[in-house]
Amino acid sequence: MRYDLVVVGGGPAGLAAAIEAKKNGIESILVIERDKELGGILQQCIHNGFGLHEFKEQLTGPEYAGRFIEQLKEMNIEFKLDTMVLDVTPDKNVHAINSVDGYMLIEAKAVILAMGCRERTRGAIGIPGERPAGVFTAGAAQRFVNMEGYMVGKKVLILGSGDIGLIMARRMTLEGAEVKAVVELMPFSGGLARNIAQCLNDYNIPLYLSHTVIDIQGKERVEKVVIAKVDENRKPIPGTEKEYEVDTLLLSVGLIPENDISRATGVEIDGRTSGAVVNEMMETNIEGIFACGNVLHVHDLVDFVSAEARKAGKAAAKYIKGDMSTGDYVELKNGFGIGYTVPQKFRLNNVEKGLEVFMRVRNIYKNMVLQVRDGENVVFSIKKPHVAPGEMEKIIIPKAKLETIKGKEIVVELVGGDK
Amino acid sequence: MLDVIVIGAGVMGAAVSRELSKYNLKVMVLDKENDVSNGTTKANSAIVHAGYDAKEGTLMAKYNVLGAAMYEELSKEIGAPYKKVGSYVLAFSEEEKKHIETLYERGIKNGVPELKLIGKDEILEKEPNINKNVVGALYAGTAGITGPWEFTIKLLENAALNGTEVLVDAEVVNIEKLESGYKVILKDGREFETKIVINAAGVYADKINDMVSKEHFDIHPRIGEYYVLDKVQGKLVNSVLFQCPTEMGKGVLVTRTVHGNIMVGPTAEDVEDRDYVGTTTHGLDDIRRQAAKTIENINYRDSIRNFTGIRAESSTGDFIIGEASDAKGFYNIAGTKSPGLSSAPAIGLDVANMIVEKLGATKKEVFKQNKPQIHFIELSPEEKAEVIKKDPRYGRIICRCESITEGEIVDVIHRMVGAKTVDGVKKRCRPGTGRCQGGFCGPRVQEILARELGKELNEIVLDKKGAYILTNETKISK
């Protein structure tokens with residue numbers, strides 16, 4: 001089998017990338033999806049709030065995905081479902097299997113990696129206690145409740161105040177369960193402010209910041225979960241324990257880009273994003289292999305995923321047609337307050353109007369200025385009244401400003417303001 | 001009347017049952033859990049020790065050396081994973097160096113082959129990630145790593161294939177002496193008469209012994225906590241790295257697992273509750289602190305699971321193997337703490353021989369071998385294509401982390417001593433042992449189990465009876 005472009009993953013990133021590549025003149029495209037349908041995790045996100053940026057209206061996950069799936073089908077872009085990619089080689093041979101075609105070797109000119117992310121588990125964060133049934137990642141519980149039509153428990157505690165945890169607090173409540181509390185290790189929530197209001201406050205579900213789970217009891221099914229307050233080093237403080245008689249613990253303790261295939265291919269991974277190191281074209285260190293969406297870095301809004309994926313799709317088209325410019329790289333370094341940036345490097349030649357940079361900050365800061373500095377020279381700056389790790393930041397540095405950069409690196413940082 | 005009842009379907013019960021299944025005997029294996037291999041065998045270091053630890057002249061020393069020598073061939077025969085990777089006991093001071101010399105001498109007396117004292121340079125060459133403070137090591141070439149669940153399940157599968165009956169959910173509550181033999185009474189009221197009873201009940205072996213024999217011994221449960229790390233850390237060590245042993249056991253070790261993960265642990269703590277297998281904050285902290293002596297740069301952010309195992313420490317300090325002097329036909333395999341797993345094949349063979357001799361049993365003319373189990377990911381592309389062509393279910397990956405196919409899952413559900421729980425599937429073909437820990441594949445495995453066993457989705461449990469995963473259907477009507 002031969003295709004110009006193979007897109008690994010048929011979630012929001014893969015769909016948008018494939019559609020954009022087709023719009024940019026690539027005819028031979030194959031999207032490979034491991035699940036039984038396109039749309040990825042969006043299919044289990046039946047709450048609304050998707051698409052405010054993309055469509056200027058509030059859609060549910062399946063509705064949002066549906067619009068892209070429809071477009072993909074209208075454009076006659078090929079896709080294979082229930083198909084697993086086992087390996088992508090640096091020369092862009094894709095090895096995949098399914099029950100119908102068997103073992104497939106697909107030769108591609110370009111590959112877009114869009115495999116999404118997975119949830120961190122109990123084991124990853126080392127929660128002590130017994131190992132009964134009833135400890136779920138919030139996403140697994142969401143799948144059971146929203147897609148399989150089964151409830152996972154009656155009395156629930158949730159660890160982690162990321163968006164999935166918050167949304168599941170509301171969902172479980174609406175399905176008749178009693179959500180006792182949401183417990184957050186950090187002194188601030190990792191979720192969007194609107195989700196705290198709509199999923200916790202509206203239902204009188206308490207949020208305990210700077211708390212964690214220190215014990216799980218129950219030999220068969222969860223019977224009790226013990227939480228405690230933590231100090232500034234995130235260590236539990238003796239004497240602050242609270243016990244909850246619950247049958248279920250949901251974990252929303254972080255998402256990790258699923259880069260097993262990328263790693264095996266030799267794609268360079270950024271330790272901060274756990275995703276690929278990419279340039280201005282969303283291209284990895286391996287020429288013609290691109291990455292976008294949650295496999296690149298974890299986004300809070302799917303709208304941003306779609307926008308980023310379009311960039312990757314357009315870039316892949318450019319690469320396939322041989323229109324990609326080369327040039328020297330300028331590296332983006334993380335200064336004060338900045339956790340990571342995507343891209344991590346860029347070539348001026350390929351930037352059209354401006355360079356879009358996504359980033360996450362390390363803490364909650366108020367009244368700061370986000371600036372990009374080339375040595376002592378400030379290339380770009382913008383006021384930021386409020387930034388938080390739970391909300392991704394984006395800047396667009398105009399090309400004219402980029403042209404003033406001297407040297408091989410720029411620093412992105414927060415200055416001034418109240419910490 | 002049965003010939004033999006084996007109480008306990010852990011590695012000991014499995015090893016003896018499989019040997020007995022070569023003879024013309026009616027054998028039944030009973031376990032109180034809802035699956036086999038669910039007690040001590042389920043959670044341990046998964047190491048086949050070479051045999052230099054136990055004092056010379058003990059049963060531990062004898063069976064360990066014999067057992068270790070049997071592992072490679074036996075594993076191949078039954079289709080269980082095993083790798084002879086060798087082990088090192090590391091010395092970090094002159095005092096510890098003396099200790100490993102003592103172990104070396106003891107090993108020689110115990111008859112352990114391939115033992116060698118090596119210097120700092122040689123150990124660092126073999127295991128470059130070890131703490132540079134190491135001064136020397138005792139190398140044991142016959143040490144290996146196994147999959148304790150797979151090993152045990154494969155032994156029982158083989159026994160069952162040759163006519164042994166394996167009953168789970170079968171807790172023995174009493175044993176009565178008969179004219180010639182015993183009556184074994186289960187919690188649910190079922191009764192079985194048998195000529196011979198073999199007590200391989202792990203941490204409950206003393207309770208079973210007390211039902212029959214006045215030769216009293218005690219079993220003290222001692223727990224040990226562990227970390228399992230992702231395969232991305234797999235290159236950290238190539239073999240098994242011990243520290244110098246202490247009174248409480250062999251200390252914290254860092255080892256490669258048969259499936260390419262890294263395991264760190266165990267702690268050692270005496271407990272009261274024989275069923276308590278919880279981890280603790282202090283235990284997990286201890287492991288990290290102690291293991292740093294061996295390797296400083298273990299990245300616990302790559303941890304995928306913590307667990308606690310339980311070992312059966314006996315009051316005699318040695319294995320208790322053989323017929324009770326005051327109860328003819330009642331055999332104990334008790335107090336089999338470490339190196340129990342390593343010794344199991346030899347103990348199984350020895351005890352089976354005692355019984356064969358006692359009953360004058362004859363060997364079966366035909367002894368069946370296990371049907372090979374396909375491990376999809378280990379196949380070449382050509383073999384993969386071939387397997388999918390024969391059975392399209394091998395073309396559908398259910399567990400992404402470990403690339404386990406639907407074909408493999410269906411296979412282990414329908415094999416002898418097949419899987420009935422989500423963890424039962426995990427123990428037999430590993431979906432859920434990867435970094436997502438079943439987050440993705442758990443619901444799909446549950447679905448396949450329900451379909452293949454003709455049950456409702458919410459009837460499938462995670463592990464133990466009562467470990468329900470789902471409660472009721474949601475308000476959405478189907």
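The values are calculated or read from the model by the stated rules, or taken from the named source; none is laboratory data. This one's a predicted model, so the numbers in the text were calculated from it and none came from an experiment. Glycine also receives a Cβ, built like all others from the backbone with ideal geometry; neighbour counts cover every protein chain displayed. Just so you know, the surface numbers come from the protein's heavy atoms only, side chains and all, with ligands and any DNA or RNA stripped out. Shrake-Rupley method; radii C 1.70, N 1.55, O 1.52, S 1.80 Å.
Structure above, values below:
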| read-out | value |
| --- | --- |
| From the options B:R451, B:R428, B:R435, B:R415, residue that is in contact (Cβ under 8 Å) with a residue 60 or more places away in the chain, surrounded by fewer than 24 Cβ atoms within 10 Å (Cβ to Cβ) and among the charged types (D, E, K, R) | B:R415 |
| Residue list for segment A:393-409, filter: crowded, with 18+ Cβ neighbours inside 10 Å and either in contact with a Phe, Trp or Tyr (Cβ under 6 Å, 6 or more places away or on another chain) or closer than 19 Å to A:S189 by Cβ (or both) | A:E393, A:I397 |
| Residue that is farthest from B:D3 (Cα to Cα), among those in segment B:379-413 that are among the acidic types (D, E) and within 14 Å of chain A (Cβ to nearest Cβ) | B:E382 |
| Conditions (1) surrounded by 15 or more Cβ atoms within 10 Å (Cβ to Cβ); (2) more than 24 Å from the chain's Cα centre (by Cα); (3) within 14 Å of chain A (Cβ to nearest Cβ): number failed by B:F376 | (2) |
| Residue check, A:V31 in contact (Cβ under 8 Å) with a residue 12 or more places away in the chain, within 18 Å of B:I397 (Cα to Cα), among the aliphatic types (A, V, I, L, M) and buried (at least 19 other Cβ atoms within 10 Å of the Cβ) | yes |
| When residues of segment A:330-356 are limited to those that are touching a strand residue (DSSP E or B) at 6+ places or on another chain (Cβ under 8 Å) and in a loop (DSSP other than H, G, I, E, B), the one surrounded by the most Cβ atoms within 10 Å (Cβ to Cβ) | A:P343 |
| Candidates B:K154, B:K207, B:K195 - the one that is among the basic types (K, R) and out of contact with any helix residue (DSSP H, G or I) (no Cβ under 7 Å at 6 or more places or on another chain) | B:K207 |
| Verdict on B:K478 being at pLDDT below 95, within 12 Å of chain A (Cβ to nearest Cβ) and open to solvent by 30 Å² or more (accessible area, probe 1.4 Å) | yes |
| Candidate set: segment A:361-374, residues that are of a type in the set (D, E, K, R) and under 25 Å from A:K406 (Cα atoms); chosen: the one most open to solvent (accessible area, probe 1.4 Å) | A:R373 |
| Residues being within 16 Å of A:G14 (Cβ to Cβ) and within 13 Å of chain B (Cβ to nearest Cβ) - total across segment A:56-87 | 6 |
| Test: residue in segment B:243-262 that is more than 18 Å from the chain's Cα centre (by Cα) and at pLDDT 95 or above | yes |
| Pick from segment B:266-276, criterion open to solvent by 50 Å² or more (accessible area, probe 1.4 Å) and within 14 Å of another protein chain (Cβ to nearest Cβ), ranking: nearest to B:P128 (Cα to Cα) | B:E269 |
| Extreme residue, surrounded by the most Cβ atoms within 10 Å (Cβ to Cβ), among residues of segment B:178-220 that are assigned to a loop (DSSP other than H, G, I, E, B) and in contact with a Phe, Trp or Tyr (Cβ under 8 Å, 6 or more places away or on another chain) | B:V212 |
| Selection from segment A:88-130 of residues that are within 12 Å of chain B (Cβ to nearest Cβ) and open to solvent by 30 Å² or more (accessible area, probe 1.4 Å) | A:N93, A:H95, A:S99, A:V100, A:D101, A:Y103, A:L105, A:E119, A:R120, A:I125 |
| Pair list, Cβ < 6 Å and 6+ apart or interchain, from segment B:287-307 residues that are away from chain A (no Cβ under 14 Å) to residues that are open to solvent by 20 Å² or more (accessible area, probe 1.4 Å) and not hydrophobic (A, V, I, L, M, F, W, C) | B:I295/B:N129 |
| Hey, B:K455 more than 13 Å from chain A (Cβ to nearest Cβ), over 27 Å from the mean Cα position of the chain (by Cα) and more than 25 Å from A:V100 (Cβ to Cβ) or not | yes |
| Every pair of residues 6+ apart whose Cβ atoms lie under 9 Å, when the first sits in segment B:86-98 and is without any contact (Cβ under 8 Å) to a residue 60 or more places away in the chain and open to solvent by 30 Å² or more (accessible area, probe 1.4 Å) while the second is in a strand (DSSP E or B) and small (G, A, S) | B:K97/B:A91; B:K97/B:G136; B:K98/B:A91 |
| Residues (surrounded by fewer than 24 Cβ atoms within 10 Å (Cβ to Cβ) and either more than 8 Å from chain B (Cβ to nearest Cβ) or over 25 Å from the mean Cα position of the chain (by Cα) (or both)) located in segment A:143-155 | A:N146, A:M147, A:G149, A:Y150, A:M151, A:K154, A:K155 |
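Matching residues to (1) assigned to a loop (DSSP other than H, G, I, E, B); (2) open to solvent by 10 Å² or more (accessible area, probe 1.4 Å):
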site: B:R18; (1), (2): no, no
site: B:K32; (1), (2): yes, yes
site: B:G51; (1), (2): yes, no
site: B:E72; (1), (2): no, yes
site: B:P113; (1), (2): yes, yes
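This table checks each residue for (1) farther than 25 Å from B:N261 by Cβ; (2) of a type in the set (K, R).
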residue: B:G360; (1), (2): yes, no
residue: B:K371; (1), (2): yes, yes
residue: B:I377; (1), (2): no, no
residue: B:E382; (1), (2): yes, no
residue: B:R393; (1), (2): yes, yes
residue: B:C401; (1), (2): no, no
residue: B:G407; (1), (2): no, no
residue: B:M416; (1), (2): yes, no
residue: B:K427; (1), (2): no, yes
